[in-house]
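Readers should treat all values here as calculations from the given coordinates under stated rules, not as data from a laboratory. Remember, it's a predicted structure, so these values are computed and weren't measured experimentally. Every residue, glycine among them, receives a Cβ derived from its backbone with ideal geometry; neighbour counts consider all protein chains shown.
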Amino acid sequence: MSARMLAILMVFALPVLAAPAGDPSTSLYQLKVGLTAQDGRAMGLDVYRGNRVLVTMFYSSCQATCPLIIDTLRAVEHKLDAARLRDVRVLLVSIDPEHDTPEALAATARERRIDTSRWTLAQADEGTVRLVAAALGVQYRRLPDGQYSHATQISVLDEKGNIIAQSDELGGADEKLIEALASR
Amino acid sequence: MRKLFVAALLAGLVFPPTPVLAAEPRDVKLPGGVFTTVLPPAARTKTAGVRPFRMDRALVSNADYARFARSHSEWQRDHVARLFADESYLSHWRGSAVPGEDVARQPVTQVSWFAASAYCEARGARLPRWYEWEFAAAASETSPDARADAAWRQKILDWYAKSASGSLPDAGASPANYYGIRDLHGVAWEWVEDAGGMLVSEDSREQGDGGNRFCGAGATSFEEKENYAMLMRIAMLSSMKASYTSGSMSFRCVTDVEPRK
């Protein structure tokens, strides 16, 4: 067989060999959803593309363990050295679009003295919340009294939006999250 | 008169009557209301309220889903992102957007929650919420709520005992229930919109070791334990992540009757 024949054959054979069995991407940034930040800014879930991100879901009016989520995120950040911390971002997505207006989120940010240059509190419509929760694997349920019950799971996303670590630990700083933020 | 009759007869020959199923409207309105649920929404609350809604009479078929996949290439088997569907997505189809002839009329299976949600959304609809599904599925062929009927319950349980083998019946081929809805029992499991939160927490403030921690005042415990078939369904749904697919998991869509406030 001539080299030319072989080359032609390869051109035809290649697409067959490369036929994808679906797109292997698990990046959360494939979710084309619109969120609104505490300052009213419209953004996508990929607002922190290019950074390692701590992502979790919460709601402001929650009196029980939700305040602990912010403490937990801080405990994780506290374990990072200053250089690493500069590159880490935090995204809190509210599951309660009815009460967590951008104004309510801004008030929470002020009360909890959140550094909004690296942290974002965001809200989105009900359908978007459901998609984001499904992608993060966060289980939640609206209760008849308007409160929510939800898993307090924290995820680390890599620069492209893939989940590289998850933790249910509240209060302390889970080593899994620290490692995922510190690794390259 | 006779002329008219002949004309009608001829018309019948030219346009043969469509099967009964095809002549039925796609969906039907359900009145909603307050009913006793197997999944108490909160501690000491055994009832759930459902607003009026419209529900598909039949499960979505492979042919229906193929039309959607052809116009939404990101949901074709060879293009779908792993984030949205696992490796078994539409694995029973002949091609990326082509089901086999043999399964075209059967309920579509091997679809993830993400995929089912996207299908309904493209139709301007959504997946039913659990309480909507449970409300519709409480009806037998003759009663809007047959759950106290032991014979009816046994019939449903018998299906769970013998399913899992053999091919699925065609979508819409099972008898219509009181509301005119088919396929709710004895055909396949069905995705619901809130599948990801059905078993959230016994008591959120309880901080167990190792397991998920929950925030908020929640309470999930089963009621109506005699409705074993319903509990199996909830357990099945709760074991599925949103990207999972299964050969026995299908779906249907619903729409709101009144716009939400």
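Brief remarks follow.
- For q = 0.19, 0.22, 0.27, 0.29 Å⁻¹, Debye-computed log10 I/I(0) when each Cα of segment B:97-164 counts as one equal scatterer: -1.03, -1.08, -1.12, -1.17
- Rg ratio (alpha-carbon, reference 2.2 N^0.38 Å) - segment B:50-152: 1.26
- Here the sum of -39500 (n - 2.57) over DSSP H runs of 4 or more residues, divided by the residues of chain A, equals -10000 deg cm²/dmol at 222 nm, to the nearest 500.
- Cα-projected label distance for residue B:141 with residue A:115, points at 7 Å along beta-carbon direction, nm: 6.9
- Amide proton proximity set for residue B:81, modelled H, under 5 Å, gap of 5+: A:23
- For residue A:52, nonlocal amide neighbours, meaning residues 5 or more places apart or on other chains whose placed amide H falls under 5 Å from its own, are A:89.
- Cα gyration tensor shape for segment A:25-133, rounded if a/c is under 1.5, else prolate or oblate: oblate
- Scaled against the 2.2 N^0.38 Å expected of a compact globular protein of N residues, the Cα radius of gyration of chain A reads 1.28.
- B:68, B:84 arranged by Cβ crowding within 10 Å, fewest neighbours leading: B:68, B:84
- For the cross-link pairs A:79/B:241; A:176/B:46; A:79/A:160; B:29/B:241; A:32/B:46, the ones whose C-alpha atoms lie over 28 Å apart are A:79/B:241; A:176/B:46; B:29/B:241; A:32/B:46.
- Note on residue B:28 and residue A:71: their simple-model spin labels are 5.4 nm apart, each label 7 Å out from Cα toward Cβ.
- A:78, A:150 arranged by Cβ crowding within 10 Å, fewest neighbours leading: A:78, A:150
- Hz values of 3J(HN,Hα) by residue in segment B:124-137 - Karplus curve (6.51, -1.76, 1.60), Gly and Pro given as x: x, 10, 8, 6, x, 7, 3, 5, 5, 5, 5, 4, 5, 7
- Rounded to the nearest 20 debye, the dipole size of segment B:48-88 about its Cα centre is 280 debye, using +1 on the Cβ of Lys and Arg and -1 on the Cβ of Asp and Glu.
- Kirkwood Rh in Å, taken over all unlike Cα pairs in segment B:64-110: 10.7
- Ranked by how many other beta carbons lie within 10 Å on average, peptides A:109-118, B:117-126 from highest: B:117-126, A:109-118
- Of all DSSP beta bridges in segment A:29-182, antiparallel share, percent nearest 5: 60
- FRET efficiency for residue A:43 and residue B:123, using Cβ-Cβ distance with R0 set to 35 Å, rounded to 0.05: 0.80
- Counting other Cβ atoms within 10 Å as a rough exposure proxy, the listed residues B:93, B:130 run B:93, B:130 from fewest neighbours to most.
- Working note: Karplus 6.51/-1.76/1.60 with θ = phi - 60° gives segment B:45-55 the couplings 10, 9, 10, 10, x, 10, 6, x, 8, 10, 10 Hz, where Gly and Pro are set to x.
- Couplings 3J(HN,Hα) of segment B:77-87, computed from phi: 4, 7, 10, 4, 7, 4, 4, 9, 7, 6, 5 Hz, in residue order, whole Hz [Karplus 6.51 cos²θ - 1.76 cosθ + 1.60, θ = phi - 60°; x for Gly and Pro].
- For residue B:177, nonlocal amide neighbours, meaning residues 5 or more places apart or on other chains whose placed amide H falls under 5 Å from its own, are B:182.
- Other protein chain Cβ atoms within 10 Å, averaged over every residue that makes up A:128-141: 6
- Over segment A:29-182, relative contact order from alpha-carbon pairs under 8 Å, at least 6 apart, %: 32
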